[in-house]
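This report refers to the structure that appears directly beneath it.
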Amino acid sequence: MAMKNLYCFLLLCFTIHLQAQSQNQKSKPNIVFIMADDLGYMDLGCYGNPYNETPHIDSLAKGGMRFTQAYASSPVCSPSRAAILTGKHPARLQLTNFLVGERTDSLSPILPAQWQKFLPSSEITLAERLKNLGYQTAMIGKWHLGGGDSLAPWGQGFDYTRMIGRNGLDYYNYSIYEDSYKNEFKDDGSTYLTDKLTDYSIDFIQKQEKNKPFFLFLSYSAPHVLLVPRGDKLRKYFFKYEKYSGKYNPNYAAMIESMDDGVGKIIAQLKKQNLLENTLIVFTSDNGGVGLPELGPIPTDSHPFRKWKGHLYEGGIRVPTIFFWQGQIAPQQICNQYFTNTDYLPTFLELLGEKHQVSPDAKSFAPVLKNPNLDIQREAIFWHYPHFSNQMGRPAGAVRMGDWKLVENYENNRLELFNLAEDIQEARDLSLDNPKKTKELHQILINWRKEVHANMPIKK
C-alpha cells in the first residue's frame, strides 16, 4: 500500500511539473521578426514618406514603438543577417561582405580583405537559443548565409524552413527549398514571391502547437532589385508620380505595398488565432536603401542622410525599426536611443527572463521598450567594411559614441568626424576643428579592431 501511495505521489509531482512547464511555455511571447531587404530609412509612411503606402506597417508603429536611431552593423546584407542571428559583430565573425561580393578597383592601392563566406554551423543562432527554450522556429525567405546542409537554415536551428533558392533576384520563376534541398517549389511565373513568402508564414502560424511559443524569422526579399512589382498595384503610383517631382519610384513603391499587405495578413492571422496579445512583432531592414541605378532605375532616396547601401554613412546603415507588443509596449512611442542589430539577441533573451550576456558586441535594450527615454548607455558601436560594394562604397571603418561619429577611409587613412546631433547629413567634417575627439575615437576604433581580430584590406 505504501508503494502504491508513493507511486501516486510521484505521478502527481510529475504531472504538476509538466503542467507548470507547459504554462511557462505558454506565457512566453511568440516572436515574429520581419526583415525587409534594402528598405531605406525614409521608405515607410510612419517615417515620413508621402508617396509609398504602408498602412499595416504604420499601424504597428502607431500601436507600439518606432526607433529613430536603429542601425545595421553592416551596410550590406549577409553580415547584417549574421549579426542579428548571433549577436556577434560581422568583423568578429570575419563575415564582412555579402556572399558573392567580389568587386575590386584596379585604381585603388588596396585589395579587399579576405573574409568568411558563410555563417559557421558552430555559431549558436538565435533560433537555436529559442529552440532550447521550447520555441517552434521558422525561417522564411532570403537566407544568404551559406549553402551546405549544415549551413542552411535547417542546419542552424530552424524547424520550418522555406528558403529562396534559384533565381532569387526575380519575383517570378524563382524556387523555394522546403526544409531541404530535396523538396523544391518551382514557380511557373504565376505566384508573386512576396505573396508566396507571406503564405508560408501564415501556414507556419496555423500549424503551431497551442502550448508552445514560436519564433518566425520572415526575411522578405523585397524591395531588393530587380524592381519587379505586381502589375495590379502600379496604377495609382504612376498617377501620383508627378506630384512628388520624380523623387520616388512607382515600381519600388508597389513592391513595398505588397510587403505591407503581407504584414497585414500576418497580423490578421494572429488575431484570428487569438495570438496577437502574446506576440512581439519586430519590423526592420537589413541595411540602407539603394540610392543609385543598380540593375535599373534608382530605387529610393535616403535624404536627408548621406549616401546609401554599401556605405558607412548614415544612409547605408541607419534603418527603420518598429517594435509592437500589444499590452506590453505602450502605443505611439518614439525612441531616440541608438542601438545596433547585434543587440536584438540579448534583448529577446532579457524579455524572456534568460541570461543575456551573449557577446561583447551586444547589449540588451529591453528597458527602453517600457521607457523610451531611459538612457541605456550603449556607448560605442562599430562598423567594419573592408570591401568595395556594388553601390560604389569604399573600404572603410566607423565608430559612433554618443553624438560623435568617426569614419576612416582604409585606402588613404583619411579621418572624418561628425556630430550627428547637429549634422545628420554628415556634411561638415569636424576632424580638423576637434583633433582631440578625432584622436580619441580613432584610437577606440583601432583598439576594437585589434580586439575582434578584424580582417583588413591588403596593400598592393
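Magnitude of the Cβ-charge dipole of the chain, K/R +1 and D/E -1, about the Cα centre, nearest 20 debye? If you can, show how the numbers build up before the last one.
Numbers: 51 positive and 48 negative charges, 128 e Å.
That gives the chain a dipole magnitude of about 620 debye.
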Options Thr125, Tyr200, Val358, ranked by Cα towards positive dipole end of the chain, top entry (Cβ charges): Val358
In debye, nearest 20: dipole of region 126-231 around its Cα centre with unit charges on the Cβ of K, R (+) and D, E (-)? 240 debye
Can you list residues from other chains, or at least 5 along the same chain, whose modelled amide H is less than 5 Å from the amide H of Tyr160? Thr137, Ala138, Met139
Derived scalar couplings ³J(HN,Hα) [region 297-310; Karplus, 6.51 cos²θ - 1.76 cosθ + 1.60; whole Hz; x for Gly, Pro]: x, 4, x, 8, 10, 8, 3, x, 7, 7, 6, 7, 3, x
Any chance you could list P(r) for the chain, counting all Cα-Cα pairs in 20 angstrom bins from zero, rounded to whole %? 25, 57, 16, 2, 0
State the Cα centre-to-centre distance between region 232-277 and region 81-160 in whole Å. 29 Å
Interchain or long-range residues, amide H under 5 Å from Thr96's placed H: Gln116
Determine ³J(HN,Hα), in whole Hz, for all residues of region 427-444 in sequence, where each value follows from phi through the Karplus function 6.51 cos²θ - 1.76 cosθ + 1.60 and θ = phi - 60°; x replaces Gly and Pro. 8, 10, 6, 9, 5, 7, 6, 9, x, 5, 5, 4, 5, 4, 5, 5, 5, 4
Proxy reagent accessibility, fewest Cβ within 10 Å first, across His384, His442: His442, His384
Per the helix-only model, the chain has a calculated mean residue ellipticity at 222 nm (DSSP H runs of ≥4, -39500 (n - 2.57) each, divided over all residues, rounded to the nearest 500) of -8500 deg cm²/dmol
Mean projected area in nm² (Cα convex hull; one quarter of hull surface) for region 122-174: 3.9 nm²
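Quick one: order Cys77, Cys335 by neighbouring beta-carbon count within 10 Å, fewest to most.
Cys335, Cys77
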Whose amide H sits under 5 Å from the amide H of Cys335, counting only residues 5 or more places off or on another chain, with H placed in the peptide plane? Arg66, Phe67, Thr68
Given Asn447, Leu430, Asn409, which one lies farthest toward the positive end of the charge dipole of region 400-453, if we put +1 on the Cβ of every Lys and Arg and -1 on the Cβ of every Asp and Glu? Asn447
Based on other C-beta atoms within 10 Å, arrange Trp143, Trp325 from fewest to most. Trp325, Trp143
Quick one: Karplus J couplings for region 414-419, per residue in order, coefficients 6.51, -1.76, 1.60, θ = phi - 60°, nearest Hz, x for Gly and Pro? 6, 10, 10, 10, 10, 9
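Bear in mind these aren't lab numbers, they're just calculated from the coordinates by the rules spelled out. Given the structure is predicted, the values throughout are model-derived calculations rather than measurements. Note: ideal-geometry Cβ built from the backbone for every residue, glycine included; neighbour counts use all protein chains shown.
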